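Accompanying notes for the structure given below.
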Amino acid sequence: MDVCDFFSNLLYNFLIAFGVIVGASVFAGMGAIVNNHSPVKTMISVASSIKIWAVAVALGGTFSSFQAIEKGLLKGEIKSVIKQILYIMTALIGANLGYSFIKLIQRWSKIWME
């Protein structure tokens, strides 16, 4: 795997985690409108509760990253461990920024309601 593939995978992990949070929150907000509930409260609730799942989805839905870390530690392949940690961190950042984006929508809705 060359450097370009590595950075492409980092970008994918970030955007997948971000998209899971934002997409699920938006669709939950639509469901809340249909059910006559507060869409913004529902969006915040969903976004905060699925952050860890967004990271799992971005990493492939399994614990392959953790298996690669274990294998790297046992065989002394520090480069592979660092790559996997960077993948996990990038997915965490994407999920947290997705949550922050939903919180920003909440702030905008308060401004528009005034």
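Of note:
- Ala24 vs. criteria in contact (Cβ under 8 Å) with a residue 24 or more places away in the chain, closer than 20 Å to Trp108 by Cβ and not charged (D, E, K, R): yes
- Positions within the stretch 10-61 being open to solvent by 30 Å² or more (accessible area, probe 1.4 Å) and among the polar types (S, T, N, Q), in sequence order: Asn35, Asn36, Ser38, Thr42, Ser45, Ser48, Ser49
- Residue check, Lys41 part of a helix (DSSP H, G or I), closer than 18 Å to Trp108 by Cα and of a type in the set (Lys, Arg): yes
- Which listed residue is more than 30 Å from Lys110 (Cβ to Cβ) and free of Cβ contacts under 8 Å to residues at least 12 places away in the same chain, from Ile82, Ile33: Ile82
- The requirement of being of a type in the set (A, V, I, L, M, F, W, C) and within 18 Å of Met30 (Cα to Cα) is satisfied by Ile105.
- Filtering the stretch 24-38 to residues that are part of a helix (DSSP H, G or I) and of a type outside the set (S, T, N, Q) leaves Ala24, Val26, Phe27, Ala28, Gly29, Met30, Gly31, Ala32, Ile33, Val34.
- Test: Lys71 is at pLDDT below 75, of a type outside the set (A, V, I, L, M, F, W, C) and either out of contact with any His (no Cβ under 9 Å at 6 or more places or on another chain) or under 30 Å from Ser109 (Cα atoms) (or both): yes
- So Ile21, is it assigned to a helix (DSSP H, G or I) and modelled with pLDDT of 95 or more: yes
- When the criteria are applied in full, Asn96 fails the requirement of being surrounded by fewer than 18 Cβ atoms within 10 Å (Cβ to Cβ) and outside any helix (DSSP H, G or I).
- Which numbered condition Ile105 misses (of (1) open to solvent by 50 Å² or more (accessible area, probe 1.4 Å); (2) modelled with pLDDT of 80 or more; (3) among the aliphatic types (A, V, I, L, M)): (1)
The values are calculated or read from the model by the stated rules, or taken from the named source; none is laboratory data. As the structure is a computational prediction, the values presented were derived from the model and not from experiment. Here the Cβ is made from the backbone with ideal geometry for all residues, glycine too, and neighbour counts use every protein chain on show. All accessible areas refer to the heavy atoms of the entire protein, side chains included, with ligands and DNA or RNA removed. Shrake-Rupley method; radii C 1.70, N 1.55, O 1.52, S 1.80 Å.
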